[in-house]
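Down below is the structure, laid out as structure tokens.
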Amino acid sequence: MTAKPLTTSPPRGAAPPAKPDASEADVQAVLDSTRVIEVLDQLDRELVALTPVKTRLREIAALLVVDRLRRNVGLTAERPTLHMSFTGNPGTGKTTVALRMAEVLNRLGYLEKGHLVACTRDDLVGQYIGHTAPKTREVLKRAYGGVLFIDEAYSLYRPENERDYGQETIEILLSAMENDRDRLVVVLAGYKDRMNEFFRSNPGLVSRIAHHIDFPDYTIPELMAIAGTIVESQRYCFSSDAVTAFRQYLERRMRRPLFAHGRSVRNAIDRARLRQANRLFERGGRLTREELMTIEPQDILKSSIFADEPTPAREGSAKESP
């Protein structure tokens, strides 16, 4: 059988296509009016590395911009499913990306408010019969017009407990994700392996998730870059020896439990600031602007991270992690 050639003519009896409102669409005009690029650029400044994540976010933004241009010239542009899954370890930027995604969707007209409502199981699941549904619906009500970010989403499902009410929350979420997708975007977040198990146990959720985005762990150089950004934003600086000490701190901290990447870096800098302030306070006297700004090695090496290990050399002895 010979295949029929493709044609641009409509089949006989088909309704004529809608007349376009214009003969062409201007990408730059949409970008200028919505200022979407400003949000994406802000994300670049806020988060070090995460190139695959930022690329996916730009792809989603590009699709929504082109859909808007299609509507401008009379073409159909069905609203895409925008619910997402963010997987990765703590402190890898998941909440920040969700917040910027909400802004993008608002600026392009997909969400009325563009705010972010972050919650966990405790905000959604009740402790007795009749408590869960109103709790879940109240959170949904607050999230309408924006993004609902559910951290550690897998904790909603506890099959080992027959009397657990998390399944009721999941069923309400499933309904909202389908029936209210024109006014709500749901982001389910958590550790990758546990999220995969969660989806296998709840196939209805998988069918409603359009974008699965994995957030990779940061490397030592990337964490050092994050530290530099935080320190600079707070009008501090590391001395050259403090840079070495902080790198050694990270190498040790990453081997310990509950390491939270960017969050742990910020916490470590906060504690270094406390030690610096205490050091300067105890010394007393007149302080220069440079002294008030500079974090020295001793402000880092007094961390308990070094308590059970030999104190590292102050210069050039740190081994760079890959």
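Mind sorting out which of [x] 48, 46, 38; [y] 89, 55, 46; [z] 81, 58, 44 is the real Cα extents along the principal axes in Å computed from the coordinates? The calculated read-out lines up with [y].
Sorted on the mean count of surrounding Cβ atoms within 10 Å across their residues, most packed first, peptides 271-284, 176-189 read 176-189, 271-284. For the chain, the longest principal axis of the C-alpha atoms and the axis of helix 132-143 are separated by about 90°.
Summing +1 for each Lys or Arg and -1 for each Asp or Glu among the other residues whose beta-carbon sits under 13 angstrom from that of Arg137 gives -2. Against the chain, whose longest principal axis is taken from its Cα atoms, helix 166-179 shows a tilt of about 50°. Note on the chain: helix-only mean residue ellipticity at 222 nm, from DSSP H runs of 4+ residues weighted -39500 (n - 2.57) and normalised by residue number, equals -15000 deg cm²/dmol.
How much net charge surrounds Phe238 when only other residues with a Cβ under 11 Å from its Cβ are counted (Lys, Arg +1; Asp, Glu -1)? Charge balance near Phe238 sits at -3. Principal-axis analysis of the Cα atoms of the chain puts helix 36-46 at an angle of about 30° to the longest axis. With a Cα cut-off of under 26 Å and a minimum spacing of 8 residues unless on different chains, the lysine pairs in the chain number 10. Note down the net charge around Asp41, summing +1 for each Lys or Arg and -1 for each Asp or Glu among other residues with Cβ under 11 Å from its Cβ. That works out to +2.
Just so you know, all these numbers are worked out from the coordinates, no wet-lab data involved. As the structure is a computational prediction, the values presented were derived from the model and not from experiment. We place every Cβ from the backbone using ideal geometry, glycine too, and count neighbours over all the protein chains shown.
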